[in-house]
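The block underneath contains the structure these notes are about, expressed in structure tokens.
The values are calculated or read from the model by the stated rules, or taken from the named source; none is laboratory data. Model, not experiment: these values are computed from the prediction. Cβ placement follows ideal geometry from the backbone for every residue including glycine, while neighbour counts extend to all protein chains displayed. Accessible surface areas use protein heavy atoms only, side chains included; no ligands, DNA or RNA. Shrake-Rupley method; radii C 1.70, N 1.55, O 1.52, S 1.80 Å.
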Amino acid sequence: GSGFVYLVADVQSSMRYHVEAGGIRSETYFIAVFDLPRVERIELMYNYPRYTGLTAPGVENQGDISSIRGTRVDLKIRVNQPARSARLVFDDRSSVELTGFGSQAFVGSFALLKSGGYAVELQTWPGKRYIGSSKYEIEALEDFPPRIAFTKPLRDLGATNVEEVFSELRAEDDIGVG
């Protein structure tokens with residue numbers, strides 16, 4: 001063909017360039033490099049289903065989420081420079097808009113219903129949307145029913161209505177037995 005291709009890799013700063021071949025020189029062009037906002041920190045707070053009786057401290061600088069299905073997850077996301085808006089984008093393409101908390105922090109929450117993944121999409125002031133974080137994993141853990149078993153007596157006993165029979169139970173649960 002009559003064309004040429006040249007790959008300019010790892011451009012770290014804005015630059016001017018021109019193309020020259022066979023004694024002919026192009027006009028000068030300009031490449032502008034922008035440092036876009038990116039996620040710097042994620043804080044998580046798990047609000048477990050009430051029936052569990054569990055409370056948890058916040059988890060700082062951790063984007064991966066792992067908790068019992070039905071947990072409400074509150075997030076506070078900090079970016080390295082001002083951004084216009086932010087939202088969580090999930091694997092199934094659903095999203096949760098985050099509320100600005102100043103120009104470099106965003107907050108939001110969602111109910112943990114299924115496993116998958118998410119990333120944080122940011123929007124710059126001119127309006128461009130892009131993924132501004134790593135992809136994070138979501139693990140929705142099943143809450144299995146408790147298991148209860150008689151450990152004593154180990155066999156059937158015949159007793160009258162005035163006799164006492166010593167009984168012992170063992171209970172186990174993946175969340176805990178209170």
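Let's see how each residue does on (1) aliphatic (A, V, I, L, M); (2) open to solvent by 40 Å² or more (accessible area, probe 1.4 Å); (3) over 13 Å from the mean Cα position of the chain (by Cα); (4) farther than 16 Å from Ser66 by Cβ:
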{"position": "Phe90", "(1), (2), (3), (4)": "no, no, no, no"}
{"position": "Arg93", "(1), (2), (3), (4)": "no, yes, yes, yes"}
{"position": "Gln123", "(1), (2), (3), (4)": "no, no, yes, yes"}
{"position": "Lys152", "(1), (2), (3), (4)": "no, yes, yes, yes"}
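For segment 135-143, does any single residue satisfy the condition of being of a type outside the set (A, V, I, L, M, F, W, C), assigned to a loop (DSSP other than H, G, I, E, B) and either exposed (fewer than 11 other Cβ atoms within 10 Å of the Cβ) or over 30 Å from the mean Cα position of the chain (by Cα) (or both)?
Yes, some residue in segment 135-143 is of a type outside the set (A, V, I, L, M, F, W, C), assigned to a loop (DSSP other than H, G, I, E, B) and either exposed (fewer than 11 other Cβ atoms within 10 Å of the Cβ) or over 30 Å from the mean Cα position of the chain (by Cα) (or both).
Of all residues in segment 54-80, which are within 8 Å of Leu112 (Cβ to Cβ), open to solvent by 30 Å² or more (accessible area, probe 1.4 Å) and not in a strand (DSSP E or B)?
Of everything in segment 54-80, those that are within 8 Å of Leu112 (Cβ to Cβ), open to solvent by 30 Å² or more (accessible area, probe 1.4 Å) and not in a strand (DSSP E or B) turn out to be Arg69, Gly70.
If you take the residues of segment 125-134 that are on the phi < 0 side of the Ramachandran plot and in a loop (DSSP other than H, G, I, E, B), which of them is surrounded by the fewest Cβ atoms within 10 Å (Cβ to Cβ)?
Step by step, filter segment 125-134, then rank; the result is Pro126.
Which residues, counting only those in segment 95-107, are open to solvent by less than 20 Å² (accessible area, probe 1.4 Å) and part of a strand (DSSP E or B)?
Ala105, Phe106 - these are the residues of segment 95-107 that are open to solvent by less than 20 Å² (accessible area, probe 1.4 Å) and part of a strand (DSSP E or B).
Consider only pairs whose beta carbons are under 6 Å apart and that are at least six residues apart or on different chains; among these, list those whose first residue lies in segment 164-178 and is closer than 15 Å to Glu142 by Cβ and open to solvent by less than 100 Å² (accessible area, probe 1.4 Å) and whose second residue is modelled with pLDDT of 75 or more and in a loop (DSSP other than H, G, I, E, B).
Close Cβ pairs satisfying both conditions: Asp173/Pro146; Asp174/Phe144.
Looking only at segment 1-47, which residues are β-branched (Val, Ile, Thr) and open to solvent by 70 Å² or more (accessible area, probe 1.4 Å)?
Val5, Val8, Val19, Ile24, Thr28
Output yes when any residue across segment 101-110 is of a type outside the set (Val, Ile, Thr), closer than 21 Å to Glu60 by Cα and within 11 Å of the chain's Cα centre (by Cα), and no when none is.
yes
Among the residues of segment 8-16, is any of a type in the set (Ser, Thr, Tyr) and not in a loop (DSSP other than H, G, I, E, B)?
No, segment 8-16 contains no residue that is of a type in the set (Ser, Thr, Tyr) and not in a loop (DSSP other than H, G, I, E, B).
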